[in-house]
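Everything on this sheet refers to the single structure shown next.
The values are calculated or read from the model by the stated rules, or taken from the named source; none is laboratory data. Since the model is a prediction, treat every value here as computed from it, not as a measurement. For neighbour counting, all protein chains shown are included, and Cβ atoms are generated from backbone atoms with ideal geometry for every residue, glycine included. What goes into the accessible areas is simple: the full protein's heavy atoms, side chains included, and nothing from ligands, DNA or RNA. Shrake-Rupley method; radii C 1.70, N 1.55, O 1.52, S 1.80 Å.
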Amino acid sequence: MPLLEIKDMAVAYGRIEALHGISISVEKGELVTLIGANGAGKTTTMRAISGVRPLSRGSIIFDGQDITKMKAYKRVIAGIVQSPEGRGVFPGMTVQENLDMGHYGRKFESKAAYQETLDKVFELFPRLAERRSQVGGTMSGGEQQMVAIGRALMARPRVLLLDEPSMGLAPMVIQQIFRIISEINATGVTILLVEQNAQQALSRSSRAYILETGEVVKTGPGKELLADPAIKEAYLGVA
Ligand code: ATP
């Protein structure tokens, strides 16, 4: 049984349907990527999974439970945690305070459990440990992305939703962020990733889905899609 299963999901903005019935499944422990051009519906998919956008058709099953109508905050408690597009770091708060906002919806049972999770985040992002008292607004783009991912990890996700973590970052920083995503996945966190950087994302994914104008047009193992001539041409800029 998949950890997360989206069945025939349609989502509309007013009378305009953005997703026309997509089906996606994510097994426990997988890193699954959603690739698509601007406006394909990637962010809409993430919003529907995290519960901030209602479905007009279809269902979302998480760990065997139908969560289609579950409120967004309850999904966080259940372990569906999103690190949003555009990062959303609180600029006036320190790195530590930003990280502490992460577990507000999913409380720790003990101080020791909190400390253990915080230590893991600092292990993944040594830079954040060094800068824990710096305010978010003065961090670089890459560092803010680290804060956003670290904050999501503080909620101890059972599935982590990452929306374009490489957006607006320099190539070197992109490499680093992707390396960390693989590391997080290797610690056992299931990840659903939305990306425009198809090369990096596909090479690191167990499986991927290609989304075009609100429909899944192709799916398969990341490396297989990476070698697909049509995908190379459309998403990797090689003819
Ligand atoms: P991008 O990479 O550019 O963010 P995307 O794949 O994430 O693109 P979405 O943001 O999910 O795409 O948008 C899917 C479609 O829904 C687009 O046609 C977009 O114009 C439309 N859409 C998104 N948000 C709204 C909204 N709030 N109101 C109306 N239409 C919207």
Item checked: Approximate spin-label separation K120-A227, in nm, with each point projected 7 Å along Cα-to-Cβ -> 3.4 nm
Note to self: Once ligands and nucleic acids are excluded and a 1.4 Å probe is used, how much of K111 is accessible, expressed in Å² to the nearest 10?
What the structure shows: 150 Å²
Next item on the list: Measure nothing fancy, just the Cα-based angle from helix 111-124's long axis to the longest principal axis of the chain, in degrees from 0 to 90, nearest 10.
Entry: 70 degrees
Next item on the list: Whenever you get a sec, line up S25, S56, S110 from highest to lowest accessible area (probe 1.4 Å, protein heavy atoms).
Entry: S56, S110, S25
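Give me the number: length gained by fully extending R179 to K218, i.e. 0.36 nm times residue separation minus the C-alpha to C-alpha distance, one decimal in nm.
11.5 nm
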Checklist line | Per residue solvent-accessible surface (Å²) - segment 1-108, probe of 1.4 Å | finding: 47 Å²
Notebook entry, point to check: Hey, if we sort Y235, Y104 by accessible area with the 1.4 Å probe, largest down, what's the order?
Noted result: Y104, Y235
Margin query: Let me spell out the model: positive unit charges on the Cβ of Lys and Arg, negative unit charges on the Cβ of Asp and Glu, origin at the Cα centre of the chain. What dipole size does that give, in debye rounded to 20?
Written below: 540 debye
Check: Of R207, R151, R15, which has the largest mean-square fluctuation in a 10 Å C-alpha GNM of the chain?
Finding: R15
Item checked: Tilt relative to the chain, helix 141-153 - C-alpha long axis, 0 to 90 degrees, to 10 -> 90 degrees
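Can you tell me the length gained on complete extension of the stretch A129 to R15, counting 0.36 nm per residue apart and subtracting the Cα distance?
Separation in residues times 0.36 nm, less the Cα-Cα distance, equals 36.3 nm.
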Next item on the list: At 1.4 Å probe size, with no ligands or nucleic acids counted, give the accessible surface of D119 in Å², nearest ten.
Entry: 80 Å²
Checklist line | Heavy-atom accessible area order for R127, R106, largest first, 1.4 Å probe | finding: R127, R106
Check: Looking at V95, Q176, P157, which one has the Cα that reaches farthest to the positive end of the dipole of segment 44-183 (charges on Cβ: Lys, Arg +1; Asp, Glu -1)?
Finding: P157
Next item on the list: Report M139's accessible area, 1.4 Å probe, all protein chains in place, as a number in Å² to the nearest 10.
Entry: 10 Å²
Note to self: Charges at C-beta only: +1 for Lys and Arg, -1 for Asp and Glu. How large is the resulting dipole of segment 123-191 about its Cα centre, in Debye rounded to 20?
What the structure shows: 180 debye
Checklist line | Carbon + sulfur, % of accessible area of the chain - ligands and nucleic acids excluded, 1.4 Å | finding: 53 percent
